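This report concerns only the one structure given below.
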Amino acid sequence: MPLNIFKLAALVSGRGSNLQAIIDSIERKELNVRLSIVISSTKDAPALKQAEKHGIETVFIDPATYPNKKAYDKALIDKLEEIPIDLICLAGYMRILGKEFIQTFSGKIINIHPSLLPAFPGLNAQKQAVEYGVKFSGCTVHFVDAGVDNGPIILQTAVPVYDNDGEESLSKRILEQEHHLYPKAIKMIKENKFNVNGRTVTHKKF
Ligand code: GRF
């Protein structure tokens with residue numbers, strides 16, 4: 001393994017389809033990074049099994065064994081600093097990261113969210129979009145800051161909402177786009193193709 005390989009970590013809690021899209025992209029050699037570790041906050045997350053199948057180091061850090069969120073986040077920090085990591089991808093990670101974690105890895109944490117932020121942050125974004133009656137929703141990859149689904153936006157893809165859409169059909173159509181968008185954003189960050197100025201992320205002109 002080259003010494004300067006870009007090292008990625010993923011934090012997961014569940015299904016892991018975005019994690020799988022990242023793994024596939026690495027295995028197809030479209031994404032030249034190493035997925036060094038997958039950390040889960042839930043024991044039986046399918047995402048963990050998927051990572052294991054691909055020979056990736058996996059760790060379950062059990063929230064129940066820490067007295068509070070701060071102590072849990074410290075365990076995460078210690079684990080990630082052992083490696084160390086260039087970029088942390090939240091891929092269906094269902095816990096809110098504390099201030100200390102965000103400060104420690106400032107500018108190195110990204111998330112994917114199933115709406116066109118700032119519309120519909122938080123849980124059930126696709127349901128929120130259907131109920132609101134928007135004609136387009138989509139997905140967003142953004143840097144993570146102290147707010148919920150709030151950091152500077154890196155990339156977005158718009159997805160139409162059809163008259164007969166429900167939460168399930170819209171979620172499926174958005175998820176297909178997430179699987180393209182997340183590896184694309186990671187690749188662009190790895191290749192240093194963005195400038196970040198306050199909230200604004202722009203493409204570098206070479
Ligand atoms: C995705 O919809 C993602 O946008 C959101 O959580 C879901 C995770 O799905 N943050 P998966 O675990 O990647 O399949």
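The values are calculated or read from the model by the stated rules, or taken from the named source; none is laboratory data. In this text the structure is predicted, and so the values were computed from the model without any measurement. Methodologically, a virtual Cβ is constructed for each residue, glycine included, from the backbone with ideal geometry; neighbour enumeration extends over all protein chains shown. What goes into the accessible areas is simple: the full protein's heavy atoms, side chains included, and nothing from ligands, DNA or RNA. Shrake-Rupley method; radii C 1.70, N 1.55, O 1.52, S 1.80 Å.
Numerical summary
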| read-out | value |
| --- | --- |
| Among the residues listed as Gly147, Gly138, the single one being touching a Pro at 6+ places or on another chain (Cβ under 9 Å) and at pLDDT below 95 | Gly147 |
| Residue pairs meeting the criteria (Cβ under 8 Å; at least 6 apart or on separate chains; first free of Cβ contacts under 8 Å to residues at least 60 places away in the same chain, in segment 90-109; second open to solvent by 50 Å² or more (accessible area, probe 1.4 Å) and assigned to a loop (DSSP other than H, G, I, E, B)) | Ile96/Val148; Lys99/Ala146; Ile102/Ala146; Lys108/Asp86 |
| Matching entry among Val148, Val130 (being open to solvent by 40 Å² or more (accessible area, probe 1.4 Å) and in a helix (DSSP H, G or I)) | Val130 |
| Within segment 50-78, considering residues that are within 16 Å of the ligand (Cβ to nearest atom) and open to solvent by 50 Å² or more (accessible area, probe 1.4 Å), the one nearest to Met94 (Cα to Cα) | Phe60 |
| Subset of segment 34-49 that is in contact with a helix residue (DSSP H, G or I) (Cβ under 7 Å, 6 or more places away or on another chain) and open to solvent by 10 Å² or more (accessible area, probe 1.4 Å) - its residue that is nearest to His180 (Cα to Cα) | Leu35 |
| Members of segment 92-112 found to be open to solvent by 10 Å² or more (accessible area, probe 1.4 Å) and either within 15 Å of the ligand (Cβ to nearest atom) or touching a Phe, Trp or Tyr at 6+ places or on another chain (Cβ under 8 Å) (or both), listed by number | Gly92, Tyr93, Met94, Arg95, Ile96, Leu97, Gly107, Asn111, Ile112 |
| Count of segment 1-42 residues which are outside any loop (DSSP other than H, G, I, E, B) and farther than 18 Å from Ile88 by Cβ | 3 |
| Which listed residue, of Leu170, Leu175, is within 13 Å of the ligand (Cβ to nearest atom) and open to solvent by 10 Å² or more (accessible area, probe 1.4 Å) | Leu175 |
| Residue check, Glu81 exposed (fewer than 14 other Cβ atoms within 10 Å of the Cβ) and within 16 Å of the ligand (Cβ to nearest atom) | no |
| Lone unmet requirement of (1) under 14 Å from the mean Cα position of the chain (by Cα); (2) in a helix (DSSP H, G or I) for Cys139 | (2) |
| Single condition Val196 does not satisfy, out of (1) over 13 Å from the mean Cα position of the chain (by Cα); (2) within 12 Å of the ligand (Cβ to nearest atom); (3) assigned to a strand (DSSP E or B) | (2) |
